[in-house]
Amino acid sequence: MDRSTRTAPAGTPAIPSTGPWPAPASGREVKRHKWWGWGLDDVAFRWDNKPAFPPFAKDKIGLDLHELEQRPEPELSAYEVPASRLGEQTRARLVELLGEDNVLVDDEMRVVHSFGRSVTDLFRVRTGDFERIVDAVVYPRTEEDVQAILRLVLDEDLVLIPFGGGSCISGSVTPDVAEQRPVVTVNLGRMRAVLSIDETSGLARVEAGAYGPDLEDQLNAEGWTLGHFPDSFNYSTLGGWAATRSTGMQSDKYGDIADIVRGLRLAHPRGVLAVTALPGQSDGPSMRELVLGSEGRLGVITEVTVQVHRLPAQRQVIAYMFPDWEHGIRGMHAIARATDVFPTFTRLSDGPETAFSLSMVKEPTSTKGKVAGKVQDGLFAYLRRKGWNTDGDMCIAYVCFEGSKESVSRQESTVRGIVKRNGGISLGAGPGAIYDQKKFDTPYLRDFLLSYDVFGDVSDTAAPWSRLNEMHTEVMAAGQKALDDMGLTGFMFCHMSHSYHSGACLYFTFAFPYSSKERALAEYTTLKHAVQQAFIDHGGTLSHHHAVGTEHQPWIEDDITPVGVSILHDVFSASDPGRNLNPGKIITP
Ligand SMILES: Cc1cc2nc3c(=O)[nH]c(=O)nc-3n(C[C@H](O)[C@H](O)[C@H](O)COP(=O)(O)OP(=O)(O)OC[C@H]3O[C@@H](n4cnc5c(N)ncnc54)[C@H](O)[C@@H]3O)c2cc1C
């Protein structure tokens, strides 16, 4: 299949990319978040159909949903939005390049493009903290458009911030408050087509602005999948994934984006850097690796060549229960070590996360659902008789299998044996299917909690298997101590996911009602820093898949040493001497 007009191999009929997958005609048609929160305007978290959630929230963080009043949705008109600093002449030059509808300077669009979607971003937009926002949002349609924008940016000494879905949670798309030059955000959302698929090699060339669903829809139509499903899938793009070294929940099988990206094109001040998609290469340092995770500091990724896989014949998610975290980790480690199972993903919730998940179960409306509820009650009673603590210690795990019917069934049977040998039991496919269906809904919970003055956020790390238990214990203790020292009631939980040969990712979630609007960010920072510092102190990284941006910079020296930081500094300052490309991200300056 080939839809590109640029480099179709000889003999391949070229299908224009505006054909089967039309680019949005203008910037306003490009999908985007609501200005004050995650995702679509009319989608929100609901608790009225989850009977166990209100008592859980009251018990853990003192949030009485029956008593407290939810804050109304914020109104942008209530806040003062600084005027755009883009000069009229510059705007006219951009309009000449891209057309009036692809150069936007209105308040709402500039606000939406000035923040990622971390909980501090959400707090800042909700409270109108708009001291410095971007001055224009532009929407290129082609790589040539991107190059022309880049030339103009350098010519007029502007600042350029590439923008995918704006789902980052490390401050990577937010301009520096001290930046005096006009800031132009380049939204890649009109460049979202799969250009071609080399079916023999399993390589697809894709425009960098493709959102997760756009990309999977186009690939699935041809019988392929990328297999990259971050929780932010609906609102993040291929270019953003590459620029932040993203990881999807199915990384056990499909790899991190750093494995999936084989080639790319980057619009750089000196021209286009083209990295050919090859299975291996011995020239180093690797240009591909240099661009991955560069967060817009080296230029704009316009196209990515990714490895794609045939859609599996069968896919099954099975749930398991372990008596506690230590048994669960031992089981997950044994699965990672098994030579005859190749799970698509493995995930283990700790006791508190398991309790949280159970509190989120919807009230059953069908007879089948009601029967399943009774079966679960009976099972938990049986486990309690066996000595399990079903209210805080037991840990739910999910393992996904893909392949032929025979392969899925054989792997499932092997894993059932491993789980049993490590003290766990299989719960079958029912809970697994529920997990699979609701996996992209949880981001809406953070907006809901903020409307009750509660912060709910995450921090993730990766560590070797030998240190995962220590990491879990110490991070939980550090977080709890920070909350206690501030006199706050909070709740923390964790899961293990993204299993590798040598270790795994630990993903911590914390929630607490802040004491006042004035102290909210300071309280958040105290807790976040305690968690991050514990990552470093116990042999982990500053983040497994949430990039550096500005939020994680305090720990970059710990991660790569001062020498590493100085090398990065040399690369960025030589590549972009005028500091025009997303300055201040990853390292300062
Ligand atoms: C609720 C939630 C869940 C999340 N879950 C996951 C998860 O499971 N896994 C995961 O990896 N991450 C996750 N994230 C973080 C985020 O989704 C990732 O960092 C994602 O890769 C960002 O992609 P984006 O398209 O939204 O990029 P943006 O947020 O728009 O940009 C991020 C950075 O990349 C740069 N950039 C974007 N596009 C380009 C381009 N074409 N060329 C050069 N630079 C570019 C930007 O300048 C910025 O520095 C989550 C975030 C949220 C809010």
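Things to note:
- Projected-area average for the stretch 443-551 over all orientations - Cα convex hull basis, square nanometres: 6.8
- The residues of the stretch 144-206 have, on average, 30 Å² of accessible surface per residue, using a 1.4 Å probe with all protein chains present.
- Once the C-beta distance of residue 221 and residue 384 is scaled by a Förster radius of 60 Å, the resulting FRET efficiency is 0.75 to the nearest 0.05.
- Three-way shape label, the stretch 404-496, alpha-carbon gyration tensor, a/c 1.5: oblate
- The modelled label-to-label distance between residue 289 and residue 25, using points 7 Å beyond Cα along the C-beta direction, is 4.7 nm.
- Checking every one of the GluC sites (Glu not before Pro) in the stretch 140-185 against DSSP loop status and a limit of 15 other Cβ atoms within 10 Å picks out no site at all.
- Using the rule -39500 (n - 2.57) for each DSSP H run of four or more residues, divided by the residues of the chain, the 222 nm mean residue ellipticity is -11000 deg cm²/dmol.
- Modelled label positions at residue 413 and residue 442, each set 7 Å beyond Cα in the direction of Cβ, lie 3.3 nm from each other.
- Every pair of different Cα atoms in the chain enters the Kirkwood calculation, which places the hydrodynamic radius at 25.1 Å.
- Accessible area expressed per residue, the stretch 10-126, with surrounding protein chains retained (probe 1.4 Å, Å²): 54
- Given R0 = 25 Å, the distance between the Cβ atoms of residue 517 and residue 477 translates into a calculated FRET efficiency of 0.30.
- When each of 50/405; 362/386; 362/585; 58/585 is checked by Cα-Cα distance, pairs over 29 Å: 50/405; 362/585; 58/585
- Added length on full extension, which subtracts the Cα-Cα distance from 0.36 nm per residue, residue 52 to residue 453: 142.3 nm
- Accessible carbon and sulfur surface of the chain relative to its total accessible area, %, 1.4 Å: 52
- Cα-centre dipole for the stretch 109-239 with unit charges at Cβ (Lys and Arg positive, Asp and Glu negative), debye to 20: 400
- Net charge in the neighbourhood of residue 225 (other residues with Cβ under 14 Å of its Cβ; Lys, Arg +1, Asp, Glu -1) is -3.
- R0 of 41 Å, Cβ-Cβ distance residue 131-residue 485: FRET efficiency to nearest 0.05: 0.90
- In nm, spacing of pseudo-spin labels at residue 571 and residue 365 (7 Å Cα→C-beta vector): 5.2
The values are calculated or read from the model by the stated rules, or taken from the named source; none is laboratory data. Quick caveat: nothing in here was measured; it's all calculated off a predicted structure. Counting neighbours? That spans all protein chains shown, and the Cβs are built from the backbone with ideal geometry, glycine included. Surface accessibility is based on the protein's heavy atoms, side chains included, excluding ligands, DNA and RNA. Shrake-Rupley method; radii C 1.70, N 1.55, O 1.52, S 1.80 Å.
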